[in-house]
Structures are given as structure tokens and as C-alpha cells.
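A.B. asks: Provided herewith is a single structure, encoded as C-alpha cells, for subsequent inquiry.
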Amino acid sequence: GVVRAYAGRKPLAVASSAWRTLVDATLAELGIADLFDAIVTVEDIQHAKPAPDSYLLAAHRLGVDPARCLAFEDSDQGLAAAKAAGMETIDVRLDGWRD
């Protein structure tokens, strides 16, 4: 998938609206927990999506300008948050991105 293709080649982050325990467990179950350079959860921010806080913090932790980031999202709130942060977005709910 996308994560394994870019791990180690591009800085990668998770910006999730879920709690840290759920995010950590999910990434571990998928076998990709160690591939991310930063993980931001709802516990790390003041305002949840659709506010841009999670994406802005993820970009900050990566040391990357948000305008140079590409966000893969699976919700309307997440797409709005990434766009508000100034990021390009890909809606993974569309055909071709589900895998």
C-alpha cells in the first residue's frame, strides 16, 4: 500500500480523530505502526476535525510545511480539516483508493 511504498522515503504521519489507544492498536494490528514518523490523536489537540489542528500538528511534528503535504482521508470532516490546513487531499473512499 501507500504507507509501505513511501515509508523511509517521505515523512509520514497519522492525524486521527480517534483515541491514542485505538490508533496504536490499529496500526500495530496492520503491522505498520513503526512506519510513521509522527502520530497525532484527538488527545493531542484542542479542536477536533473539521478544525485543522490535527493536520497542522502532524506537519509541525514532521517539520514539513502543510502546503507540501498530501492528506489521505476517509471522512468529510477530515477532508475539510486537511484543506483548512492548506494540504492537498485524496478521498480514499473513492474507487481505486480503497486498498
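A.B. asks: Filter region 13-42 down to residues that are open to solvent by less than 30 Å² (accessible area, probe 1.4 Å) and assigned to a loop (DSSP other than H, G, I, E, B), then give me how many there are.
C.D. replies: 4
A.B. asks: While we're here: Report whether or not A48 is open to solvent by 30 Å² or more (accessible area, probe 1.4 Å) and of a type in the set (A, V, I, L, M, F, W, C).
C.D. replies: Yes.
A.B. asks: Of a type outside the set (F, W, Y) and modelled with pLDDT of 95 or more: which single residue out of V23, V2 fits that description?
C.D. replies: Result: V23 is the single residue among V23, V2 that is of a type outside the set (F, W, Y) and modelled with pLDDT of 95 or more.
A.B. asks: Taking region 1-52 as the region of interest, how many residues are closer than 24 Å to R68 by Cβ, in contact (Cβ under 8 Å) with a residue 12 or more places away in the chain and acidic (D, E)?
C.D. replies: Of the residues in region 1-52, 2 are closer than 24 Å to R68 by Cβ, in contact (Cβ under 8 Å) with a residue 12 or more places away in the chain and acidic (D, E).
A.B. asks: Can I ask one more? Whether any residue in region 62-70 is acidic (D, E), over 18 Å from T21 (Cα atoms) and open to solvent by less than 20 Å² (accessible area, probe 1.4 Å) is what I want to check.
C.D. replies: Taking every residue of region 62-70 in turn, none turns out to be acidic (D, E), over 18 Å from T21 (Cα atoms) and open to solvent by less than 20 Å² (accessible area, probe 1.4 Å).
A.B. asks: Just to be sure before I move on: is V92 at pLDDT below 95 and touching a Phe, Trp or Tyr at 6+ places or on another chain (Cβ under 9 Å) in the structure I sent?
C.D. replies: Criteria met by V92.
The values are calculated or read from the model by the stated rules, or taken from the named source; none is laboratory data. What you see is a predicted model; the values in this text were computed from it and never measured. Positions of Cβ are generated from backbone atoms using ideal geometry, with glycine treated the same way; all protein chains shown enter the neighbour counts. For the accessible areas, the whole protein counts, side chains as well, though only heavy atoms, and no ligand, DNA or RNA atoms are used. Shrake-Rupley method; radii C 1.70, N 1.55, O 1.52, S 1.80 Å.
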